[in-house]
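Trainee: Let me begin by handing over the structure; questions about it come next.
The values are calculated or read from the model by the stated rules, or taken from the named source; none is laboratory data. None of the values given here were measured: they were computed from a predicted structure. Backbone-built Cβ (ideal geometry, glycine too); neighbour counts: all protein chains shown. Ligands, DNA and RNA are stripped out before the accessible areas are found, and what is left, the full protein with its side chains, is counted by its heavy atoms. Shrake-Rupley method; radii C 1.70, N 1.55, O 1.52, S 1.80 Å.
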Amino acid sequence: MLEQISALTSGTDSLLKSVSETRFVSAGPETSAVGQAGETASFSETLAHVSQDAIQRLKDGEAASLAGVDGQASVQHVVEAVMAAEQSLQTAIAIRDKVVSAYQEISRMTI
Amino acid sequence: MSDPLSAALHISSSGLRAQSERLRVVSENLANARSTGKTAGSDPYSRKTITFESEFDRARQAELVKIKNIGKDKSPFTVEYEPGHPAADETGYVKMPNVNVLLELADMRETNRSYEANLKVMTQAREMVMRDIALLRD
């Protein structure tokens, strides 16, 4: 499951790069230089950071549930970890949907 | 900066942990309500008490609850006349634990209420987070 999610997030990241590249092309040379140094690069970086965080939480959740099945972790610990994992997964899915719909919006744009 | 909702989840989780530890102590007291000493005239099981304290979590900027101490109740033991008992002293009296079953049951109820309250906080915080995510979704 985790591999699929990480593949998905890296896919999202590359998609995002292509989206921002499209923006550079349409925006022209002088604004694209500013964008590359400033906000766009940091946005995809932030997204990558957030998805890494989400993957880490999912891993923690899985480890906690395995420890819970073994009887090594308390029920409260398992519930807390799994709930954190669920929240990050839902957030990741919501952000992915947003990014995909933004990409589709751009690709549907008439030139 | 930490997320208040996830801090709330973490705090109530520490509350759940504290209350389950309290239930463990109550169950020990109840199970050992008639546990006497092994040798003649020796002390029986003495009731355990649990106390809590707050602990500041710097990462989340929140006060968690943690177990301060699991101590022993110093109140006197009751004695019962039972000359045939292995723990009876020379006058035939056996020291019985200072566990009051009614008190333990009342404590258990309070533990249950507190656990439920913490669970409610958890449910509420989770619901709020999920609503936020749903806002992002559509």
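Trainee: Between A:E80, A:E30, A:E39, which is closer than 30 Å to B:E21 by Cβ and modelled with pLDDT under 90?
Mentor: Just a single option satisfies the conditions, and that option is A:E80.
Trainee: Then there's this: Would you pick out the residues in segment B:79-108 that are among the charged types (D, E, K, R), surrounded by 13 or more Cβ atoms within 10 Å (Cβ to Cβ) and either part of a helix (DSSP H, G or I) or touching a residue at least 40 places away in the same chain (Cβ under 8 Å) (or both)?
Mentor: B:D89, B:K95, B:E104, B:D107, listed by residue number.
Trainee: Please work out which one of (1) open to solvent by 60 Å² or more (accessible area, probe 1.4 Å); (2) more than 13 Å from chain B (Cβ to nearest Cβ) is the condition A:K98 fails and give its number.
Mentor: Among (1) open to solvent by 60 Å² or more (accessible area, probe 1.4 Å); (2) more than 13 Å from chain B (Cβ to nearest Cβ), the lone unmet condition for A:K98 is (2).
Trainee: Being among the aliphatic types (A, V, I, L, M), within 14 Å of another protein chain (Cβ to nearest Cβ) and over 22 Å from the mean Cα position of the chain (by Cα), is that true of even one residue in segment B:116-128?
Mentor: Within segment B:116-128, one or more residues are among the aliphatic types (A, V, I, L, M), within 14 Å of another protein chain (Cβ to nearest Cβ) and over 22 Å from the mean Cα position of the chain (by Cα).
Trainee: Which one of these is open to solvent by less than 60 Å² (accessible area, probe 1.4 Å), away from chain B (no Cβ under 14 Å) and either modelled with pLDDT of 90 or more or part of a loop (DSSP other than H, G, I, E, B) (or both): A:L15, A:L58?
Mentor: A:L58
Trainee: Could you say which residue among A:A85, A:A63 is modelled with pLDDT of 90 or more and either open to solvent by 80 Å² or more (accessible area, probe 1.4 Å) or away from every other protein chain (no Cβ under 14 Å) (or both)?
Mentor: Only one candidate passes the filter, namely A:A63.
Trainee: Does B:F56 qualify as being more than 14 Å from chain A (Cβ to nearest Cβ), surrounded by 13 or more Cβ atoms within 10 Å (Cβ to Cβ) and either out of contact with any helix residue (DSSP H, G or I) (no Cβ under 6 Å at 6 or more places or on another chain) or at pLDDT 95 or above (or both)?
Mentor: No, not satisfied.
Trainee: Where residues in segment B:67-78 are in a strand (DSSP E or B) and either hydroxyl-bearing (S, T, Y) or surrounded by 15 or more Cβ atoms within 10 Å (Cβ to Cβ) (or both), which of them is nearest to the chain's Cα centre (by Cα)?
Mentor: It comes out as B:I67.
Trainee: Given the residues B:S2, B:S20, B:S6, B:S46, which is the only one that is part of a loop (DSSP other than H, G, I, E, B) and either under 17 Å from the mean Cα position of the chain (by Cα) or within 12 Å of chain A (Cβ to nearest Cβ) (or both)?
Mentor: Being part of a loop (DSSP other than H, G, I, E, B) and either under 17 Å from the mean Cα position of the chain (by Cα) or within 12 Å of chain A (Cβ to nearest Cβ) (or both) holds for just one of B:S2, B:S20, B:S6, B:S46, which is B:S46.
Trainee: Look through segment B:109-136, keep the residues that are exposed (fewer than 13 other Cβ atoms within 10 Å of the Cβ) and basic (K, R), and return whichever of them is nearest to A:A84 (Cα to Cα).
Mentor: Result: B:R131.
Trainee: Within segment B:23-34, how many residues turn out to be in a helix (DSSP H, G or I), open to solvent by 30 Å² or more (accessible area, probe 1.4 Å) and away from chain A (no Cβ under 14 Å)?
Mentor: 4
Trainee: Suppose we keep only residues that are in a helix (DSSP H, G or I) and more than 10 Å from chain B (Cβ to nearest Cβ) within segment A:71-82. Which one would you say is most open to solvent (accessible area, probe 1.4 Å)?
Mentor: A:V82
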